[in-house]
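Asker: My questions will all concern the structure given below.
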Amino acid sequence: MRGTSGRWVVPLLAVALAVPVATAQAHPADYMYTPGGEYAREIGNPDDGVGTFLQREAVTPGSFTQIGHEPLMNRGMNAAIAVHKRYVYVGSRTDGKNNNANHAGVFIVDAQDPAHPFITKEMGPPYEGLPGESSRELRVWRSQNVLIVLHTNCGGNGAHQCSIASRSSMRFYDISGDKAANPELLYQNTRDTHEFYIWEDPKNPKRALMFAASAGSAFQIYDISPVLNKEAPVQLFSGNHGFGNSNGSGIHSFSVSNDGKKAYFALLTRGFGITDVSDFTDTDPATNTYRLITPAANRVSWPGPGAHSAVKLWNKNWVYVSDEVYGSITGAGHGCPWGWARFVDVADETRPVVRSEFRLPENQTLACTAFNPPRTSYSAHNPTLTPSIAFSTWHSGGFQAIDITNPASPTQLAEFKPDPLPMVSVEDPRLSSDTLEGRTDNKVVMWSYPVIQDGLIYTVDLRNGLYILKYNGPYSQEVDNIGFLEGNSNQGDALCFEPVPGQVPVDCSAKTDTNGGAGGTVPATLALTLGAPATFGAFAPGIAKDYTATSTANVITSAGDATLTNSDPGHLMNGAFALPQPLQVNLSKSTWTGPASNDPVTITFTQHINATDALRTGSYSKTLTFTLSTTNP
């Protein structure tokens with residue numbers, strides 16, 4: 001929980017107008033699965049320190065509500081997402097062919113109305129949707145309005161169905177203001193990496209480091225701040241991870257502590273370890289020395305393709321480590337029981353120990369003789385953690401919510417599996433190409449790090465598209481209060497959960513946004529009632545003029561302070577046509593320093609039309625969200 005402050009959002013106000021016509025450690029703790037989720041018996045002896053896992057319950061204490069879905073043109077082969085305010089950016093696992101006729105660019109989805117997200121633009125050639133490029137990983141440097149798109153690992157037939165040999169690159173785009181829907185290239189390079197983590201300096205938001213892993217023995221650290229001036233990132237480090245080498249022993253991905261002192265490495269077949277990266281996150285370039293905290297001999301590992309993601313639990317000496325394992329057609333070590341989540345005790349960072357696990361029924365070894373489809377995967381992938389819940393994509397296992405309040409005994413809170421699309425343009429050859437009698441979840445492939453924004457969860461199914469979910473159940477208020485959180489950066493509410501001394505101010509006030517409601521008691525009372533929607537009337541094409549319209553709001557507050565704000569007005573829209581000039585909104589009063597009862601507010605809307613502005617026949621409109629909030633209930 002983040003304090004007692006509250007925020008309520010009142011019904012949406014529509015503004016309208018009309019225009020006339022004119023390994024090393026073994027894990028023997030396997031359990032037999034009985035339909036219905038009941039415990040059967042223990043097989044083996046967990047004397048190596050590995051605790052039990054909790055399998056899926058027949059009835060979970062929580063649930064997910066699907067708020068919105070965008071099928072992304074049924075293209076299939078979707079990749080990671082990045083979320084920034086009203087827009088969701090979605091990459092592609094395959095490349096563009098025939099001048100991107102297959103729509104393998106980066107989709108920009110407008111999710112201002114989460115119940116009705118829609119594609120507003122596709123980023124295509126000359127920068128996206130190119131042959132040999134798979135826009136596999138996306139992030140947003142939020143405070144600086146920078147979209148980062150990584151192109152990597154574009155395999156051919158049987159992998160990612162790319163048309164030519166893979167071409168690696170990284171592009172940085174300006175998405176400030178109106179550029180959010182029309183990104184403008186800032187800088188591009190040909191760096192080859194597989195995944196990356198963005199660490200923003202808590203004391204200086206204009207400084208950010210990128211920790212880049214290419215699934216090899218070496219990794220890099222870059223200062224990406226120069227891209228704000230359209231200049232190349234500065235490499236601070238490039239070298240070996242130091243945990244020893246073996247086949248497939250590279251770093252797959254990592255996370256970094258909020259203070260920038262420690263990095264948590266998912267080392268594929270070398271397992272997991274902790275490193276000291278404080279010399280790079282400080283501002284002294286003369287002290288850039290990389291050190292291991294976990295000695296190489298003490299790293300924790302296990303059989304199989306190995307560790308995929310590693311994210312530390314908030315305010316606990318535990319790390320969530322997941323494996324990602326594909327269908328058996330991929331190669332040796334892949335297939336049933338696929339990959340699951342391990343919880344690593346790091347109270348002694350020099351000797352981490354796996355203490356517990358979380359598996360689904362499909363992750364039970366005893367089931368593999370009867371069920372091992374070659375082109376399907378029931379594997380954990382990437383997690384985003386709140387203090388109490390691990391939200392993780394799990395391929396055909398859907399989307400999971402796991403109770404991590406006691407990491408020694410994790411339990412399932414909720415599961416979401418969407419209804420698969422009847423058909424997509426391209427099936428993933430290793431993840432969604434089986435036909436299984438009696439089940440449909442083999443056509444579900446939940447993928448990549450989920451993102452939480454304004455209490456809603458954004459996640460992608462690489463086959464079925466973008467999903468916007470609401471979590472219901474234990475600790476739901478914790479989720480509802482989150483403004484922004486993702487597992488592959490320290491941005492947003494991360495600094496509320498684990499503050500850093502000297503950090504810049506972060507908005508950690510609790511908030512609950514509810515479209516269509518007005519008021520609430522938590523225990524302070526805030527109530528906001530809106531008058532009738534404002535209407536400009538008819539716009540006259542070819543005549544320069546300022547049009548005005550008004551509406552009203554009524555405020556009731558028992559809080560010590562209150563603030564009235566509105567969402568970005570943007571531009572009035574008529575289908576795909578937008579007015580060139582932005583809509584302006586003015587509030588006659590927006591702050592209160594004490595209680596108020598039935599305090600009227602005049603809302604004035606102004607729309608300027610130039611004589612040369614082209615106006616489309618029909619009605620233009622815009623929906624705004626007005627928020628009454630307090631930090632002193």
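Asker: Given the rule -39500 (n - 2.57) for each run of at least 4 DSSP H residues, summed and divided by the residues of the chain, what is its mean residue ellipticity at 222 nm, to the nearest 500 deg cm²/dmol? Before the final figure, lay out the partial values.
Answerer: Details: 3 runs with 13 residues, N = 633.
When only DSSP H runs of four or more count, the value is -500 deg cm²/dmol.
Asker: A further question follows. If you take the beta carbon distance between residue 165 and residue 101 as r and set R0 to 22 Å, what does 1/(1 + (r/R0)^6) give as a FRET efficiency, to the nearest 0.05?
Answerer: 0.65
Asker: Restricted to Cα positions, what overall size does segment 85-168 have along the principal axes? Three whole-Å values, descending.
Answerer: For segment 85-168, the Cα extents along the three principal axes come out at 38, 25, 23 Å.
Asker: Just reorder 388, 214 by solvent-accessible area, largest first, 1.4 Å probe, all chains present.
Answerer: Sorted descending by solvent-accessible area, the residues read 214, 388.
Asker: Looking at 193, 620, 289, which one has the Cα that reaches farthest to the positive end of the dipole of the chain (charges on Cβ: Lys, Arg +1; Asp, Glu -1)?
Answerer: It is 620.
Asker: Using a basic spin-label model with each label point 7 Å from the Cα along Cα→Cβ, how many nm lie between residue 238 and residue 617?
Answerer: 6.0
Asker: Sort 447-458, 363-374 by packing, meaning the average of other beta carbons within 10 Å per residue, with the highest value first.
Answerer: Highest-to-lowest ranking by the protection proxy: 447-458, 363-374.
Asker: Compute, for residue 118, the solvent-accessible surface of its heavy atoms (probe 1.4 Å) with the complete set of protein chains present, and express it in square angstrom to the nearest 10.
Answerer: That residue has around 100 Å² of solvent-accessible surface.
Asker: Suppose the Debye formula is applied to equal point scatterers at every Cα of segment 364-477; what is log10 I(q)/I(0) at q = 0.19 Å⁻¹?
Answerer: Taking Cα atoms of segment 364-477 as identical point scatterers yields -1.01.
Asker: So, in nm, how far is label residue 552 from label residue 366 when the simple model puts each one 7 Å beyond its Cα toward the Cβ?
Answerer: 7.0
Asker: Counting only pairs 8 or more places apart or on different chains, how many lysine pairs in segment 225-359 have C-alpha atoms closer than 25 Å?
Answerer: Details: 261/312; 261/316; 262/312; 262/316.
Taking segment 225-359 as the scope, the lysine pair count is 4.
Asker: With each pseudo-label sitting 7 Å past Cα toward Cβ, what's the residue 587-residue 421 distance in nm, one decimal?
Answerer: 4.0
Asker: OK, next. Could I get the Rg over Rh figure for the chain? Both from C-alpha atoms, Rh via Kirkwood, rounded to two places.
Answerer: Taking Rg over the Kirkwood Rh, I get 0.98.
Asker: Additional query: What part of the accessible area of segment 230-349, given as a whole %, is carbon or sulfur when the probe is 1.4 angstrom?
Answerer: 49
Asker: Below 20 Å, Cα to Cα, which lysines can residue 417 reach? Residues fewer than 8 away in the same chain don't count.
Answerer: Candidates past the 8-residue exclusion: 443, 470.
Asker: Give me the percent relative contact order of segment 57-154, please, defined on Cα pairs under 8 angstrom at least 6 residues apart.
Answerer: Across segment 57-154, relative contact order equals 26 percent.
The values are calculated or read from the model by the stated rules, or taken from the named source; none is laboratory data. A quick note: this is a predicted structure, and the numbers were derived from the prediction, not measured. Cβ: placed from backbone, ideal geometry, glycine included. Neighbour counts: every protein chain shown. Just the protein is used for accessible areas: all its heavy atoms, side chains included, with ligands, DNA and RNA removed. Shrake-Rupley method; radii C 1.70, N 1.55, O 1.52, S 1.80 Å.
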